[in-house]
Amino acid sequence: MLSLFKSIFGGGNNEQIDAVRAQGAVIIDVRSPGEFAGGHAKGAVNIPLDVLDSKLNTIRNYKKPVIVCCASGMRSARAKALLGNRGLTEVYDAGSWRNL
């Protein structure tokens, strides 16, 4: 049942996310600025989903793996798919920012 929820709402393997984070991955929170201001993972960068495509060069310039997160996992799953479709290979979906 848990795997069904993860497939619907996003969220990766916690051990994998923790390992990638320990290697210096960039955390991108794809929620709105207002949501981000209400709380976010330590060190996260706010790039809302609706402008993510226009920030591809910024994201590529990090030259690090990327962990995407949001409120429930819906937008982070879309962000991971978008970034993957644009050629970024080291993108991990944490689901909710509270998982971080």
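The values are calculated or read from the model by the stated rules, or taken from the named source; none is laboratory data. What you see is a predicted model; the values in this text were computed from it and never measured. No Cβ is skipped: glycine too gets one built from the backbone with ideal geometry, and neighbour counts run over all protein chains shown. Remember, those area values only see protein heavy atoms, side chains included, never the ligands or the DNA or RNA. Shrake-Rupley method; radii C 1.70, N 1.55, O 1.52, S 1.80 Å.
A compact table of results
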quantity: Segment 45-51 - phi-based ³J(HN,Hα) in whole Hz, Karplus 6.51/-1.76/1.60, Gly and Pro as x; calculated: 10, 9, 10, x, 3, 5, 10
quantity: Probe 1.4 Å - accessible area at Arg78, Å² to nearest ten; calculated: 150
quantity: Neighbourhood net charge (13 Å Cβ-Cβ; Lys/Arg +1, Asp/Glu -1) for Val66; calculated: +4
quantity: Probe 1.4 Å, protein heavy atoms only - accessible area per residue of the chain in square angstrom; calculated: 57
quantity: Pairwise label distance in nanometres, Arg60 with Met74, each label 7 Å out on the Cα-Cβ vector; calculated: 3.1
quantity: Burial order of peptide ranges 25-32, 36-43 (average beta-carbon count within 10 Å, highest first); calculated: 25-32, 36-43
quantity: With every protein chain in place, segment 32-100: carbon and sulfur % of accessible area (1.4 Å); calculated: 49
